[in-house]
Amino acid sequence: MRTQVGIIGAGPSGLVLSHLLYLHGIDSVILESRSQAYVEARMRAGVLDSDVTALFKAVGVGERMMKEGLPQEQMEIRFEGKRRYINWKELAGGRVNMVYGQQEVVKDFIQRRQQDGGKLFFEAQALRITDLDGRPTIEYMHEGQQKKLECEIVAACDGYHGIGRRTIPADKLEAYELNYSFAWLGIVAEARPSSKWLVTSAHERGYAMHSMRSPSISRNYLQIPLTDTVDDWSDERIWQELQTRLETDADWKLEEGAILEKTRFDIRSFVCHTMRYKKMFLAGDSAHMVPPTGGRGLNQAIADVCILADGLADYFKKSSSAHLERYTDLCLQRVWHAQQFTWRMTSVLQRLDWENKNPYHRQVQIAQLEYLTSNRAAATSLAECYAGMPLQTSF
Ligand code: FAD
Ligand code: DHB
C-alpha cells in the first residue's frame with residue numbers, strides 16, 4: 001500500500017491530522033494498533049480550548065460538540081475550605097473552554113474520516129519504520145499478516161509509548177523528562193455534576209478535582225501515592241476521600257453515584273526536542289507530555305498537527321519545505337509555554353512534597369493560592385495560560 005503521509009496512531013493527533021490533510025487534498029493512511037471500539041471508549045482528556053473548538057467548527061467536525069459540549073466560563077479553586085474563582089471569559093478576552101470528552105472527539109473524527117473515504121486501519125500495529133532517508137516504509141501487522149505501507153512522510157502520532165520516537169537513534173535524540181512522586185486516580189461516575197464548572201482543590205491531604213463529561217456523568221481525580229493500585233481504592237474510600245478533599249465551609253455537597261471506571265495513571269513531564277528526524281515528524285504525546293493539571297495535553301496535540309498540516313500542504317502542493325523546516329521551532333515554543341504553565345499549576349495545586357511532607361511547602365502553597373486568586377494580574381496570567389495560546393493554522 002502507498003500513500004503520501006503514513007500516520008501511526010488514531011488518537012486525537014493522528015485523526016485530526018488526517019482530516020486536515022484531506023482538506024488540503026493530501027492522501028494519508030492511519031495505522032492504529034487498537035480496535036475502533038477501544039479507542040472510542042478510552043476516557044482521557046475532557047477540556048478543549050476555545051481555539052480548538054473554533055477549529056473543529058471551521059473544519060466541519062463541530063456539530064455534535066456544539067450540541068453536547070458544556071461551555072466553561074470559569075473554574076473554581078478550593079483551599080483551606082475557601083472557594084475562589086478564575087473567570088477566563090472575563091480575564092482572557094472572552095475565551096470559553098468546552099467540556100467535551102476526548103473519546104467524543106475521537107468518535108467524531110473517525111466517523112468523518114470514514115464518511116470521506118479515509119483509509120483507517122484498526123488492529124494494525126506498526127512494528128518498524130525504515131528508509132527514512134529515501135522512501136519511508138512502515139511495516140505493520142494486520143489480520144495476522146505482516147504488511148508494508150510506503151509513504152513520503154511519516155507522522156508519528158503514536159503517543160508516549162509509540163515506536164516513532166524510539167526509531168530515532170539515541171545519540172540524535174534530545175529529550176527532557178521529569179517524573180513525580182505520586183500518581184492520579186481517575187474516576188468516572190454515574191452522578192450528576194455537582195457544579196457547572198470544574199472544581200479543583202489543593203487540600204492538605206492531596207489534590208482533588210471534580211470535572212464532568214455530561215449532565216449525568218461526573219469525572220473526578222485524586223492525587224494518590226505512587227505505590228497505590230486501583231485495588232487499594234474501594235468505591236467507599238474514593239467517595240470519602242473526594243468529600244474530604246473537596247469540602248468547603250459553604251453549603252456544597254458532592255453528588256455520589258455508581259462508579260463506572262477507575263484508572264490509576266502516572267504523571268510525567270516530558271519534552272522531546274527532536275520532533276523531526278529525517279522524513280518523520282512526531283506530534284502530540286509522542287513528543288511531549290504534561291501532568292493533567294492545566295488541561296494542556298490534548299490541546300497541545302491539536303496545536304502540533306495544525307502546524308504540521310500547513311507545513312505538509314506547502315511541501316506537497318507548493319514544493320516548499322520552508323514551513324516544515326520551522327515545524328520543530330514553532331511547536332517547541334508552544335510546548336515549553338505549556339510546560340511552564342503546567343509546572344506552575346502542578347506545584348500550586350498538588351502536594352509536590354508527597355513523599356517527605358514539609359509544612360513549609362504547604363504554607364508557601366497557601367500563599368501562592370491566595371495571591372493567584374485575589375490579585376487580578378496574577379489571576380489574568382493564569383486565565384490566559386488556561387485558555388491556551390492562539391492556534392497557528394490556516395483553517
Ligand atoms: P494518544 O491519544 O495517546 O494516541 C496515540 C495512539 O497511537 C493510540 O491510539 C495508540 O493506541 C496508538 N499507537 C501507539 N503505538 C502504536 C503502534 N505501534 N502502531 C499503531 N498505533 C499505535 N489533555 C488536555 O488537553 N486536557 C485535559 O483535560 C486532559 N486530561 C487528561 C486526563 C487524563 C486522565 C489523561 C490520561 C490525559 C489527559 N490529557 C488531557 C492528555 C491527553 O489525553 C493526551 O495529551 C492526548 O491523548 C494526546 O493525543 P495523541 O493523539 O497525541 O496520543
Ligand atoms: C480534566 C480537566 C482539566 O482541566 C484538567 O486539568 C484535568 C482533567 C478532565 O475533565 O478530565
Item to check | Computed label-point distance, nm, for sites K278 and Q4 using a 7 Å Cα→Cβ extension | outcome: 2.2
Next on the checklist: Could you derive backbone 3J(HN,Hα) for region 281-286 from the dihedral phi with the Karplus parameters 6.51, -1.76 and 1.60 (θ = phi - 60°), listing whole Hz in sequence and x where the residue is Gly or Pro?
Outcome noted: 10, 9, 9, x, 4, 5
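At 0.36 nm per residue, and after removing the present C-alpha to C-alpha distance, how many nm does the segment from Q36 to S181 gain when stretched out fully? Intermediate results must be reported in sequence, preceding the final value.
Values: separation 145, 0.36 × 145 = 52.20 nm, distance 3.38 nm.
Stretched fully, the Q36-S181 segment lengthens by 48.8 nm.
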Checklist outcome for this item: For the chain, longest principal axis from Cα atoms; helix 235-246 axis from its Cα atoms; angle between them, nearest 10 degrees, is 70
Checklist outcome for this item: Mean projected area, convex hull of alpha-carbon positions in region 124-223, reported to one decimal in nm², is 11.1
Checklist outcome for this item: Given Cβ charges of +1 for Lys and Arg and -1 for Asp and Glu, the option among I238, V290, Y22 whose Cα lies farthest towards the positive end of the dipole of the chain is Y22
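Can you pull out the trypsin sites (Lys or Arg not before Pro) in region 62-147 whose DSSP state is coil and whose Cβ has at most 15 other Cβ atoms within 10 Å? All intermediate terms of the calculation are to be shown ahead of the outcome.
Values: sites: R64, K67, R78, K82, R83, R84, K89, R95, K107, R112, R113, K119, R128, K147; in loops: R95.
Listed in order of number, the matching sites amount to none.
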Checklist entry - If each of Y85 and S381 carries a label point 7 Å out from its Cα toward its Cβ, how far apart are those two points in nm? => result 2.4
Checklist entry - Which residue, V96, V59, V29, has the most motion in a Gaussian network model of the chain that connects Cα atoms within less than 10 Å? => result V59
Item to check | Whole-Hz couplings from phi, Karplus 6.51/-1.76/1.60, listed for region 212-221; x for Gly and Pro | outcome: 8, 10, 7, x, 10, 10, 9, 10, 10, 9
Checklist entry - Any idea how far the Cα center of region 209-259 sits from the one of region 1-58, in Å? => result 31
Checklist outcome for this item: For K172, the lysines lying under 25 Å Cα to Cα, once residues fewer than eight places off in the same chain are dropped, come out as K278, K279
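Okay, helix-only estimate at 222 nm for the chain: each DSSP H run of n ≥ 4 adds -39500 (n - 2.57), divide by all residues, round to 500 deg cm²/dmol; what do you get? Don't jump to the answer; show the numbers that get you there.
Values: 13 runs with 143 residues, N = 395.
The helix contribution divided over the chain gives -11000 deg cm²/dmol.
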Next on the checklist: I'd like the GluC sites (Glu not before Pro) in region 122-181 restricted to DSSP loop residues with at most 13 other Cβ atoms within 10 Å, sorted by number.
Outcome noted: E143, E174
Next on the checklist: Restricting everything to alpha-carbon atoms, can you work out Rg to Rh for region 179-248 with a Kirkwood hydrodynamic radius?
Outcome noted: 0.96
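Run through the DSSP bridge list for the chain and note the antiparallel percent, rounded to the nearest 5.
Working: 59 of 78 bridges.
Beta bridges within the chain, antiparallel portion: roughly 75 percent.
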Checklist entry - Per 5 Å bin, what percent of the C-alpha pairs of region 232-361 does each bin hold, from zero upward? => result 2, 8, 14, 14, 14, 13, 10, 8, 6, 5, 4, 2, 0
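Using a 10 Å cut-off on Cβ atoms, rank the peptides 378-387, 315-324 from the highest mean neighbour count down.
Values: 378-387: 19.4, 315-324: 13.8.
Packing order, densest peptide first, comes out as 378-387, 315-324.
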Next on the checklist: Quick check on packing: order 160-167, 357-364 by the mean number of other C-beta atoms within 10 Å, highest mean leading.
Outcome noted: 160-167, 357-364
Checklist entry - Which value in nm describes the separation of the simple spin-label points at W252 and E370, placed 7 Å from the Cα toward the beta carbon? => result 2.0
Checklist entry - Helix 102-115 versus the longest principal axis of the chain: what is the Cα-based angle in degrees, 0 to 90, to the nearest 10? => result 30
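Using the structure shown, list the pairs from K148/K318; K147/K318; K89/K196 with a Cα-Cα distance above 21 Å, or answer none.
Details: K148/K318 28 Å; K147/K318 31 Å; K89/K196 14 Å.
The pairs that break the limit, which is 21 Å between Cα atoms, are K148/K318; K147/K318.
Based on the alpha-carbon set only, what is the convex hull volume of the chain divided per residue, in Å³? Write out the running numbers ahead of the final one.
Details: hull volume 56.8 nm³, N = 395.
Per-residue hull volume (Cα only) is 144 Å³.
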Item to check | Antiparallel DSSP beta bridges within region 1-148, as percent of all bridges there, nearest 5 | outcome: 75
Item to check | Convex hull of Cα atoms in region 17-69, direction-averaged projection (nm²) | outcome: 4.7
Checklist entry - What's the FRET efficiency of D133 with S319 using the Cβ-Cβ distance as r and R₀ = 22 Å, to the nearest 0.05? => result 0.70
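Taken together, the values in this text are just the output of simple stated rules run on the coordinates, not laboratory data. Quantities reported herein were computed from a predicted structural model and do not represent experimental measurements. Neighbour counts run over all protein chains shown; Cβ positions are idealised from the backbone, glycine included.
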